[in-house]
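Asks: Pasting a structure below so you can have a look.
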Amino acid sequence: MTSFLQQAFNGLVSGGFYALLALGLAVIFGMLHVVNFAHGAIYMLGAFGAVALQDTAGLGFWWALLLVPLTAALAGMVLERLFIHRLAALDPLYNFLLTFGIALVCQDLLRMKYGAQSRPYDEGPFPGSVDLGPFDYPAYQVFVLGAAAVVCLAVWLLLTRTRIGTVVRASTERPELTRALGIDTGRWVTPVFGFGVALAALAGVLAAPMRAVNSGMGADLIIAVFAVVVIGGLGSIPGAVVAGFAIGMLQALGNLYVPVLSQTSVFVLMAVVLLVRPAGLFGKEEHAL
Amino acid sequence: MSAHYDEAEVLRGVSLEVGAGEVVTLVGRNGAGKTTLLRCVMGLHRRASGTVRLEGRDLGAVPPHRRARRGLGYVPDDRGIYAGLSVEENLTLPPAKGASPWPLARVYEEFPALGERRRSPGGKLSGGEQQMLALARVLRTGARVLLCDEPTEGLAPIVVERIGEILREAKRNGTAVLLVEQNLRFATTVADRHYLLDRGRIAESLANDDVRQREHELLGYLGL
């Protein structure tokens with residue numbers, strides 16, 4: 001029972017990373033109809049950003065948590081203005097070529113500079129462990145889980161309680177009609193892309209103290225995140241969050257009981273969901289690509 | 001005005017005018033180009049040529065969202081309700097920019113059913129309620145021109161009657177209404193003039209009396 005609970009907790013923590021990344025992909029897809037294959041690379045850059053701030057400027061975790069997502073948002077907005085917005089009128093294949101190409105360039109640049117080895121990051125805040133009753137758990141990971149939950153909730157409130165959120169949801173559901181009703185949807189595209197990118201960078205900073213920071217870390221994670229997005233429904237915000245945490249749990253518990261299946265279970269689930277509900281659990285048919 | 005879909009020419013040299021306080025209907029078979037014409041006026045159709053003027057000013061290079069802000073109110077053929085937005089969010093999404101926008105209180109007074117369901121998602125409304133919401137949404141903005149694509153389609157007679165009242169009231173307030181309509185009886189109760197659109201051309205311009213006298217012939221023509 002203790003190992004079950006402990007594994008379930010591990011699952012929730014990695015689910016938090018999935019949820020943050022899937023959330024960014026969902027808002028970007030909703031507003032831009034672009035699947036951002038560079039999302040994993042941005043997560044990796046976020047983690048490297050934290051390492052670099054520590055090594056070169058001596059700025060610790062909390063500074064990184066503030067500065068890295070902000071920088072990523074700005075860089076993301078520049079990227080959107082320079083390249084991404086040109087995709088709107090093109091075949092979706094160009095979307096894949098451009099964003100996947102950006103991911104490969106980022107990975108290889110980092111590999112050139114730092115090699116394939118993992119970079120050490122000093123311990124994050126909250127060293128030690130917390131007594132969770134049946135077992136002790138690393139305090140930092142409890143913090144990560146809490147932070148992921150808070151960010152997901154904040155994004156949800158932003159989308160459902162603010163004018164910008166209403167505009168984003170409306171544009172996601174009916175982009176053309178939203179323009180015909182007097183909303184300049186183009187104005188929101190760049191900030192929304194920056195926001196989604198910042199969420200990925202934030203996940204990267206949160207990962208730096210507890211995961212191996214290397215140029216491949218994003219590529220490893222993003223495959224599972226895409227499965228999460230497909231299962232939750234492309235463009236669906238609740239789908240991204242619920243599927244993110246659920247897949248984290250499924251993987252962790254699969255690891256405990258059927259270790260052989262722990263890596264494949266996600267994709268088996270994805271195949272089943274695609275057969276039964278091609279638009280994903282929370283998706284609507286018109287969202288399907 | 002002309003418009004294309006890939007190879008096909010959908011509108012060929014259509015020209016029409018709607019005055020303030022006037023209701024004009026477009027009748028025609030499916031595929032005659034009625035919906036495309038409304039989309040061209042709204043600036044949504046990419047492959048269109050010709051000019052759209054609002055009070056003498058050319059809207060040619062004006063993007064759809066600015067056309068809406070200048071007073072065009074669009075009610076698309078599928079009602080255009082956001083399933084994921086609440087009734088109130090649907091209502092308040094378009095900015096109120098016109099000369100005489102309605103306050104929300106007035107919308108709920110005129111449409112009590114929408115007031116009762118202000119927190120429900122738009123997707124949960126009945127077809128009639130959705131049509132009311134679509135009309136209320138453009139009226140709230142104070143639009144001076146209403147572009148309504150088959151607002152009565154598939155609705156119960158009592159709802160159709162209510163839509164007639166709304167359009168007649170808009171007309172009294174000086175709003176110009178361009179209405180796509182297949183229900184000829186209904187059209188004659190609200191409209192001043194009618195255009196018969198046939199394969200992208202205006203085949204005939206009809207007065208209410210023409211439509212009443214030739215109802216049988218026209219219905220046969222429309223395939224109804």
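The values are calculated or read from the model by the stated rules, or taken from the named source; none is laboratory data. Keep in mind that what you see is a predicted model, and the values were worked out from it rather than measured. Note that we place each Cβ from the backbone using ideal geometry, even for glycine, and neighbour counts take in every protein chain shown. In case anyone asks, the SASA skips ligands and DNA or RNA and just uses the protein heavy atoms, side chains included. Shrake-Rupley method; radii C 1.70, N 1.55, O 1.52, S 1.80 Å.
Asks: Of all the Cα-Cα pairs you can form in the stretch A:1-120, what percent are over 16 Å apart?
Replies: Result for the distance tail: 69 percent.
Asks: Also, I was wondering about something else. What is the percent of Cα-Cα separations in the protein assembly as shown that go past 37 Å?
Replies: On the way: 54162 of 131328 pairs.
I get 41 percent for the Cα pairs in the protein assembly as shown exceeding 37 Å.
Asks: Still on this structure, I have one more. Going by accessible area, probe 1.4 Å, with all protein chains left in place, what is the ranking of A:HIS33, B:HIS194, largest first?
Replies: The residues order as A:HIS33, B:HIS194, largest area first.
Asks: For chain A, give the percent of accessible area contributed by carbon and sulfur heavy atoms, probe 1.4 Å, rounded to a whole number. Provide the component values of the computation, followed by the final result.
Replies: Details: 9030 of 12960 Å².
Carbon plus sulfur share of accessible area: 70 percent.
Asks: Please give the per residue accessible area of the protein assembly as shown, computed with a probe of 1.4 Å over protein heavy atoms only, in Å². The partial results should precede the final answer.
Replies: On the way: 23170 Å² over 513 residues.
Per residue, the protein assembly as shown has 45 Å² of solvent-accessible surface.
Asks: Out of A:GLY15, A:GLY182, A:GLY40, any idea which swings most in a Gaussian network model of chain A, alpha carbons joined below 10 Å?
Replies: Its mean-square fluctuation being the largest, the pick is A:GLY182.
Asks: Under the classification rounded if a/c is under 1.5, otherwise prolate if a/b is larger than b/c and oblate if not, where does the stretch B:1-137 fall, given a ≥ b ≥ c as square roots of the Cα gyration tensor eigenvalues? Show your work: numbers first, answer last.
Replies: Values: a/c = 2.19, a/b = 1.68, b/c = 1.31.
It is prolate, given that a/c is not under 1.5 and a/b is the larger ratio.
Asks: Can you give the average number of partner chain beta-carbon atoms within 10 Å of each beta-carbon in peptide A:178-191, as a whole number?
Replies: For this peptide, the per-residue mean of nearby foreign Cβ atoms is 6.
Asks: Accessible area of B:ASP58, 1.4 Å probe, to the nearest 10 Å²?
Replies: We get 80 Å² for B:ASP58.
Asks: Within chain A, which whole H helices from DSSP have a Cα span along their axis of at least 18 Å and a mean Kyte-Doolittle hydropathy of 1.0 or more, if any?
Replies: Numbers: long enough: A:2-32 (44 Å, 1.41); A:39-52 (19 Å, 1.34); A:61-82 (31 Å, 1.56); A:92-114 (33 Å, 0.83); A:139-161 (32 Å, 1.87); A:186-207 (33 Å, 1.52); A:217-232 (23 Å, 2.49); A:237-257 (30 Å, 1.39).
Within chain A the helices that satisfy the rule are A:2-32, A:39-52, A:61-82, A:139-161, A:186-207, A:217-232, A:237-257.
Asks: So for B:GLU161, B:GLU88, what's the accessible-area order with a 1.4 Å probe, most first?
Replies: Ranking B:GLU161, B:GLU88 by accessible area, largest first, yields B:GLU161, B:GLU88.
Asks: Ignoring ligands, DNA and RNA, please state the percent of accessible area on the stretch B:49-99 from carbon and sulfur, probe 1.4 Å.
Replies: On the way: 920 of 2190 Å².
Looking at the stretch B:49-99 in its full context, I get 42 percent from C and S.
Asks: Here's something else I'd like to know. Normalise the Cα radius of gyration of chain A by 2.2 N^0.38 Å (N = residues in it) and let me know the number.
Replies: 0.99
Asks: Quickly estimate the mean residue ellipticity at 222 nm for chain B, helices only: each DSSP H run with n ≥ 4 gives -39500 (n - 2.57), and the total goes over all residues, rounded to 500.
Replies: After summing the helix terms and dividing by residue count, I get -10500 deg cm²/dmol.
Asks: Arrange the residues A:LEU269, A:LEU82 by how much accessible surface each exposes, largest first, with a 1.4 angstrom probe. Walk me through the numbers before you get to the answer.
Replies: Working: A:LEU269 65, A:LEU82 90 Å².
Sorted by accessible area, descending: A:LEU82, A:LEU269.
Asks: Determine the total buried accessible area between chain B and chain A, counting protein heavy atoms only with a 1.4 Å probe; round to the nearest 100 Å².
Replies: 1800 Å²
Asks: Another question about this same structure. Using only Cα atoms, tell me the angle between helix B:127-140 and the longest principal axis of chain B; keep it within 0 to 90° and round to the nearest 10.
Replies: 90 degrees
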